[in-house]
Amino acid sequence: MTTSDADQEPKQLHVLLVVILQAHINPMLRFARCLASKRVHVTLAATETVRNHLLHRTNLSTAPTKHSMIEFEFFSDGLTAEFDRDKSAETFAALQAVSAKNLSVLINNFSTKKSKLSCIVFNPFAPWVADVAAEHGIPCALLWNQACSIFSINYRYYKNLLNPFEFMECPGIPNLQVSDLPSTILPSTPVHFKKLISDSARCAEKASWVLGNSFYELEREIIDSMESLVPIRPIGPLVSPFLLGKSDADDESSDSVDVWEAEESCIEWLDKQRPCSVIFVSFGRVTVLSQKQIDNISTALKNSGRPFLWSLKPPAEGSTRDSGELSREFLEETKEKGMVVTWCSQEKVLKHKAVACFMTHGGWNSSLETVISGVPVIVYPEWTDQPTNAKLLSDVFKVGVRVRINGDEEDGVVSTDEVERCIEEVTEGPRASEMKKRAMELKEAANEALEVGGSSDQNIDKFIEDISTRSVCNTKQ
């Protein structure tokens, strides 16, 4: 090969994905797989805390991915492994300068190895990465890991285009009320969270691309409305390969990077239930239910007479939050009807033919998983983006119902009667068949978006084309 031929040979693109919290690694890793499948070299740079979690949960030499185009690097955020980043978010945010410095060192190491980065991808919880990328002259992309609707609301609020205390109009979300807004823009939100919202909106303007963990057909009007402000290109849903119809062997993350010990007995139990009969209840690994909440939900489940599977995770070790527990009476009375586990594979349960509906807190990952599974949903939101997701699922996507909080109830806890109403509406009510039909339509649309030539697949191709063009231009300069 001549020197001129070598100069003309296209260089392989190298994209750096940055993750600072364990909870955000799954969407990033799934995006990494999308890029790697299109022959893009990917390095996922995570903090040492994320590394420690992976070492604790799995063998890092073989997981979370076996893809030859993906590698891992780690950097310190300047805090000890014991530091509670969730509880001490304000302190964590204040120390971002240490993370930025260490990430910058990592980027310099790539340049030394003659492996120049084509692009840096980060999420809203690390807005400072945009400044690090600018310092190194590398284009960056924001991977928005919540609904595009949340991006729209946050950005409009940041730009004073949305006043949450007046009549609100946000494209794609009809009859938006204060109770539908993400809690992070309400007055009760701590100052450091409000700063994070403004910083994420500001860094979106600095990024060359904003990519969304959603798909165009799901949030069409919302996505179109952002075109004249800050365009957001959906490249999802970034969900477990299992939910996309791949076999366990194809799921390199073994039920995602979380690798929780799934209680397979619950799948065996589901196998014995009638199709579309089981109420699946799970509020994720962060939400901690009070005794009143648990009592009301358990009574409603018992009164429904339906079989149920409840994944009730105990509080994390060292947690200071009080949590409730199921009574012995309830467990005894429902032992023939229900099953309670501390954890299970949510993806496998949602895909099971026995599941009739999913009762969830409405986090965006769970929302996407229920959409792509074609399962109607009961949403019991608490904070952050969950109220808005509940609005989307019930009133925009029309695949479920949202629990209504009676102002007379203590601490805003949803009553037993209300939980019963929701169960009845989504399983037996006049709109139940309509919700199921709509859920199956969105399931098909989600799969089509990720197929070759689908809307999300095209957006990924366009992203790769854009960074390739920039890389060529930078090489010629």
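Search segment 330-353 for residues being assigned to a loop (DSSP other than H, G, I, E, B) and in contact (Cβ under 8 Å) with a residue 24 or more places away in the chain, and hand back the single one that is nearest to the chain's Cα centre (by Cα).
We begin by selecting, within segment 330-353, every residue assigned to a loop (DSSP other than H, G, I, E, B); these are 334-337, 342-345, 352-353.
Filter once more, so that each one left must be in contact (Cβ under 8 Å) with a residue 24 or more places away in the chain: 334, 337, 342-345, 352-353.
Working: THR334: 33, LYS337: 31, THR342: 21, TRP343: 18, CYS344: 18, SER345: 16, HIS352: 21, LYS353: 24 Å.
Among them, the one singled out is SER345.
Within segment 14-28, restricting attention to residues that are more than 12 Å from the chain's Cα centre (by Cα) and at pLDDT 90 or above, which residue is surrounded by the most Cβ atoms within 10 Å (Cβ to Cβ)?
Within segment 14-28, the match that is surrounded by the most Cβ atoms within 10 Å (Cβ to Cβ) is VAL18.
Within segment 355-373, is even one residue at pLDDT 95 or above, crowded, with 18+ Cβ neighbours inside 10 Å, part of a loop (DSSP other than H, G, I, E, B) and more than 17 Å from the chain's Cα centre (by Cα)?
no
Sort through LYS195, LYS206, LYS159 and tell me the only one that's in contact with a strand residue (DSSP E or B) (Cβ under 9 Å, 6 or more places away or on another chain) and surrounded by fewer than 16 Cβ atoms within 10 Å (Cβ to Cβ).
Going through LYS195, LYS206, LYS159 in turn, the sole match is LYS206.
Search segment 162-178 for residues that are closer than 15 Å to ASN389 by Cα and pair each with any residue that is modelled with pLDDT of 75 or more and among the basic types (Lys, Arg) when their beta-carbon atoms are under 8 Å apart and the residues are at least 6 apart or on different chains.
Sorted first by the residue in segment 162-178, then by its partner, the pairs are CYS170/ARG156; GLY172/ARG220; ILE173/LYS391; LEU176/LYS391.
In the set GLY338, GLY374, which member is assigned by TED's automatic domain parsing to the domain that holds THR299 and on the phi > 0 side of the Ramachandran plot? Lay out the reasoning, then the answer.
Values: GLY338 fails: on the phi > 0 side of the Ramachandran plot.
Only one candidate passes the filter, namely GLY374.
THR62: in a loop (DSSP other than H, G, I, E, B), at pLDDT 65 or above, assigned by TED's automatic domain parsing to the domain that holds SER118 and not acidic (Asp, Glu), yes or no?
Here the answer is no, as THR62 does not meet what is asked.
Which one is modelled with the lowest pLDDT among residues in segment 298-341 that are basic (Lys, Arg) and farther than 21 Å from THR427 by Cα?
ARG321
For the list (1) touching a residue at least 60 places away in the same chain (Cβ under 8 Å); (2) in contact with a Leu (Cβ under 9 Å, 6 or more places away or on another chain), I need the number of the one condition that SER111 fails.
The one condition SER111 does not meet is (1).
Check LEU176, LEU186, LEU218 and return the single one that is in the same structural domain as CYS119 (by TED's automatic domain parsing) and modelled with pLDDT of 95 or more.
LEU218
The values are calculated or read from the model by the stated rules, or taken from the named source; none is laboratory data. If you're wondering where the values come from, they're calculated on a predicted model, not measured in any experiment. In this analysis, Cβ positions are derived from the backbone assuming ideal geometry, glycine residues included, and neighbour counts consider all displayed protein chains.
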